[in-house]
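The values are calculated or read from the model by the stated rules, or taken from the named source; none is laboratory data. If you're wondering where the values come from, they're calculated on a predicted model, not measured in any experiment. Please note: Cβ atoms are built from the backbone with ideal geometry, for glycine as well, and neighbour counts cover all protein chains shown. Only protein heavy atoms, including side chains, enter the accessible area calculation; ligands, DNA and RNA are left aside. Shrake-Rupley method; radii C 1.70, N 1.55, O 1.52, S 1.80 Å.
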Amino acid sequence: ELAAGIYRNESRTSWPDFRAEYEQKKAAHMKPNTRRETMNALNHFERLVHPKRIQGIKTQTIDGYVAKRRLEPGKKRGDLVSPATVNKELRHLKAVLSVAHSWEYLPKMPKVTMLKEPYKLPTYVTPEHFAAMYGAAGEARLPKGLPYPAADWWRALFTFNYMTGWRIGY
């Protein structure tokens, strides 16, 4: 196999062992929200697919997961899980499987096909609401200790967000 160039590491690592190692070495150092979403995606994957060995995860496994996950109920009554939710979970799952591949537990990285999402126009703050927020900034008392009034700080933040479309993350 070595001479022919077809040697593969036949890892017998179980999924629970890999997950424990991943949580200890990788997930423990993630930002809290990223860690929560990654663990949530892994929990859904385990619940629907019941992986035994990391080596057994193939493209068919991922496609089976997507097929089962799409049939589950969504947040709104009567709706199914949205394609955006499934895609978010697939992104996290793909990142985890990429680590498994780089650690040589997974001989071949499975193909992860994202779902098509319906296009939705972004919603913006109306000019009337922006004017109301901008005007109300004069009442702001925080943040304190700046070399300029708090109202100027808020007005600059509102203007920057309004003009660029950026949003404040947490």
Vicinal HN-Hα couplings computed from phi for the range 31-44 (Karplus, 6.51 cos²θ - 1.76 cosθ + 1.60; Hz; Gly/Pro x):
5, x, 5, 5, 4, 4, 5, 5, 5, 4, 4, 5, 5, 4
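Could you tell me the calculated FRET efficiency between Leu142 and Tyr162, based on Cβ-Cβ distance and R0 = 25 angstrom, to the nearest 0.05? Don't jump to the answer; show the numbers that get you there.
On the way: r = 20 Å, r/R0 = 0.82.
Here the calculated transfer efficiency is 0.75.
Would you mind checking the pairs Lys25/Lys116; Lys88/Lys111; Lys26/Lys120; Lys68/Lys116 and listing those with alpha carbons more than 26 angstrom apart? Mind dumping the intermediate values first?
On the way: Lys25/Lys116 33 Å; Lys88/Lys111 15 Å; Lys26/Lys120 34 Å; Lys68/Lys116 16 Å.
In this structure, Lys25/Lys116; Lys26/Lys120 exceed 26 Å between Cα atoms.
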Kindly write out, for the range 66-73 in residue order, the coupling ³J(HN,Hα) from the Karplus curve 6.51 cos²θ - 1.76 cosθ + 1.60 (θ = phi - 60°), rounded to whole Hz, with x marking Gly and Pro.
4, 4, 6, 5, 5, 8, 7, x
Highest average packing first - 34-41, 147-154, 112-119, Cβ atoms within 10 Å
34-41, 147-154, 112-119
For the range 18-170, what does the accessible surface come to per residue with a 1.4 Å probe? Please give it in Å².
70
Scan around Leu80 for amide H atoms under 5 Å from its own, H built in the peptide plane at 1.01 Å from N, and keep only partners 5 or more places away or cross-chain.
Gly74
Hey, what number do you get for the chain at 222 nm if only DSSP H runs of n ≥ 4 count, each worth -39500 (n - 2.57), divided across all residues, to the nearest 500?
-16500 deg cm²/dmol
With the 8 Å Cα cutoff and a minimum separation of six or more residues, the range 12-162 has a relative contact order in percent of 20
Quick one: which residues, 5+ away or cross-chain, put their amide H under 5 Å from the amide H of Leu106? H built at 1.01 Å from N.
His101
Under the Karplus relation with 6.51, -1.76 and 1.60 and θ = phi - 60°, whole-Hz ³J(HN,Hα) for the range 99-116, x at Gly and Pro, equal 5, 4, 5, 5, 7, 6, 8, 10, x, 9, 6, x, 7, 10, 9, 6, 7, 6
Assuming 0.36 nm per residue, please report the length gained on full extension of the stretch Leu48 to Asp79 beyond their Cα-Cα distance.
9.3 nm
Potential lengthening between Asn40 and Ala132 on full extension [0.36 nm per residue; Cα-Cα distance subtracted]:
29.2 nm
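Give me the net charge of Pro83's neighbourhood, meaning all other residues with Cβ under 13 Å from the Cβ of Pro83; Lys, Arg count +1, Asp, Glu -1. Provide the component values of the computation, followed by the final result.
Working: positive: Arg69, Arg70, Lys88, Arg91, Lys116, Lys120; negative: Glu72, Asp79, Glu89, Glu117.
Once positives and negatives cancel, what remains is +2.
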